[in-house]
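A.B. asks: Here's a structure for you.
The values are calculated or read from the model by the stated rules, or taken from the named source; none is laboratory data. The model shown is predicted, which means the values in this text are computed figures rather than measured ones. Note that we place each Cβ from the backbone using ideal geometry, even for glycine, and neighbour counts take in every protein chain shown.
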Amino acid sequence: MVNFFKKSLIYLALMLLVLVSFNVESASAAEVIDYEEGVTNLNNTPENSAVIGSQIVKPEIGWKRYDGNNPKILIANPSDHYDVLVNAYYNGISSFFTKSSTATFYFSGTKFRIIGAIFSKRSDTIDVSIDGHSADIFSQNISNLNINQTQRLTYEKNSLSQGIHKVVIKNLNMYEPFEIDAIDVDGFLLSENDVPSTESITLDKSNLELFEGDSAKLTATATPNSANIIWTSSDNSIATVSQDGHVTAIKEGIITVTAQLANTNLTANCIITIKKNGSLETKTITLDKNALELLEGNKDKLIATVLPEDSLNKNVIWSTSDESIVNVDQNGNVTAIREGEAMITAKVENTELFATATVIVKKPNNESSSAILSITLVNGMTKEYDVTNAVLNNYLNWFDTAKGTSTFKFSKTISPYKKVTEYIVHDKIASFEVREY
């Protein structure tokens, strides 16, 4: 019986030893740290003081240093990459990239540094791409730093938005290599598997109706926004789509236009219905005014209506018969320039449909006459301005059409200044009064 208890105690002790060992090993594995955290600044300064060319054998305060051969750094062309073992390098090893080889890494944070040697035999054209956009070209062959030295700060990027960033370093020099001895970041280096997939694609329309001969544009929103998008039509005999999303209707039928994120299976679709279009008379364009009479310097707006309402070819092109008399922008805003008569034309793009309005521009009856414009603001303050008819007409036109924080400028002379300009904000006006004299 005693032997039985002794054996049981020995068995329990062995089991406890195994469990303790397992927990210690698990804890050790979870606490593996593959970076060195900075505890001092270069030259023991209060703030980070390293600049391009500085030798920093340890990361500065606020930075974590990862070795250049860390497996989280992805190598595009292994045959164009090799490691060099030299004690002068960080941890005695540096990672070299030749020809057009690239190194890619992901990190969370707002800034990073590339640590390497600045030697006479190093690339002078190294491209840095951040989040799919080329950011800089830097050199590890800097003539004014003519002392060959390892563990130098060769590139630094600050003030990125807080988050996960993808960095691609590419050698553009076919004759000299570049190196990554170490990477310093203010956050953490991430493996590719730790980066959440953010790729997506959507279209602004899921259904679209067109008449034969019409065209319309589909807009794709992709993440990342630098992604390449491939457009296809399920039947090019019914409708085609260009590689910028422009759909052209050919004949009656129904097709699907697909936008695909390149190198992925992610797609977005829009069903296009093409209807027969018997003649141009199925569409019309009209203007809200057939004639306008304006004083020089005044403005007005013409509104075009295109029918039928389901017609997607509604792009209206505006033009004037004489820009020296009257001008018009592509929103139908008309500006009177000088005395005379001109015609404004609104034309439906890709058709022969148009509508016109005649504009007569007159000179003000008495340009030299003046008035006192008294403006009361919402805070109770009153502003008075001595204005000409032209300024008054411009103010009245602005007050009728502006809104919100739109401003109107008044100029006046106040001794000892040559000129004083005041700006009145539209939504700060309570009332105003015009006193002519």
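A.B. asks: Within the range 327-378, can you find the residues that are over 18 Å from residue 393 (Cα atoms) and of a type in the set (Lys, Arg)?
C.D. replies: Answer for the range 327-378, where residues must be over 18 Å from residue 393 (Cα atoms) and of a type in the set (Lys, Arg): just 347.
A.B. asks: Out of 114, 126, report the one residue that is β-branched (Val, Ile, Thr) and modelled with pLDDT of 95 or more.
C.D. replies: Going through 114, 126 in turn, just one is β-branched (Val, Ile, Thr) and modelled with pLDDT of 95 or more: 114.
A.B. asks: Any residue in the range 399-413 that's part of a loop (DSSP other than H, G, I, E, B): show its pairings with residues that are of a type in the set (A, V, I, L, M, F, W, C) at Cβ separation under 6 Å, as long as the two are six or more apart or on different chains.
C.D. replies: Correct list of pairs: 405/425.
A.B. asks: Separate question: Among the candidates 232, 202, which residue alone is among the polar types (S, T, N, Q), in a strand (DSSP E or B) and more than 19 Å from the chain's Cα centre (by Cα)?
C.D. replies: 232
A.B. asks: Of the numbered conditions (1) within 25 Å of the chain's Cα centre (by Cα); (2) surrounded by 19 or more Cβ atoms within 10 Å (Cβ to Cβ), residue 255 satisfies every one except a single condition; which is it?
C.D. replies: Condition (1) is where residue 255 drops out.
A.B. asks: Going residue by residue through the range 175-192, is there one that turns out to be in contact with a helix residue (DSSP H, G or I) (Cβ under 8 Å, 6 or more places away or on another chain) and charged (D, E, K, R)?
C.D. replies: Within the range 175-192 (the criterion being in contact with a helix residue (DSSP H, G or I) (Cβ under 8 Å, 6 or more places away or on another chain) and charged (D, E, K, R)), the answer is yes, since at least one residue qualifies.
A.B. asks: Picking from 180, 201, which residue would you name as being surrounded by 15 or more Cβ atoms within 10 Å (Cβ to Cβ), within 30 Å of residue 151 (Cβ to Cβ) and touching a residue at least 40 places away in the same chain (Cβ under 8 Å)?
C.D. replies: 180
A.B. asks: Is one or more of the residues making up the range 207-228 over 30 Å from residue 118 (Cβ atoms), part of a loop (DSSP other than H, G, I, E, B) and modelled with pLDDT of 90 or more?
C.D. replies: Yes, the range 207-228 contains a residue that is over 30 Å from residue 118 (Cβ atoms), part of a loop (DSSP other than H, G, I, E, B) and modelled with pLDDT of 90 or more.
A.B. asks: Inside the range 122-137, can you point out the residues that are free of Cβ contacts under 8 Å to residues at least 40 places away in the same chain and either in the same structural domain as residue 228 (by TED's automatic domain parsing) or crowded, with 16+ Cβ neighbours inside 10 Å (or both)?
C.D. replies: none
A.B. asks: Let me ask you something else. Of all the residues that make up the range 173-188, how many are within 25 Å of the chain's Cα centre (by Cα) and outside any loop (DSSP other than H, G, I, E, B)?
C.D. replies: So the count comes out to 1.
A.B. asks: Related question: Does residue 143 satisfy the criteria of being out of contact with any strand residue (DSSP E or B) (no Cβ under 7 Å at 6 or more places or on another chain), surrounded by fewer than 19 Cβ atoms within 10 Å (Cβ to Cβ), in contact (Cβ under 8 Å) with a residue 12 or more places away in the chain and in a loop (DSSP other than H, G, I, E, B)?
C.D. replies: No; evaluated as a whole, the condition is false for this residue.
A.B. asks: Also, I was wondering about something else. Does residue 260 fit the bill of being part of a loop (DSSP other than H, G, I, E, B) and at negative phi?
C.D. replies: Here the answer is no, as residue 260 does not meet what is asked.
A.B. asks: Does the range 378-395 contain any residue that is in a strand (DSSP E or B), in contact with a Leu (Cβ under 9 Å, 6 or more places away or on another chain) and buried (at least 16 other Cβ atoms within 10 Å of the Cβ)?
C.D. replies: Checked the range 378-395: at least one residue is in a strand (DSSP E or B), in contact with a Leu (Cβ under 9 Å, 6 or more places away or on another chain) and buried (at least 16 other Cβ atoms within 10 Å of the Cβ).
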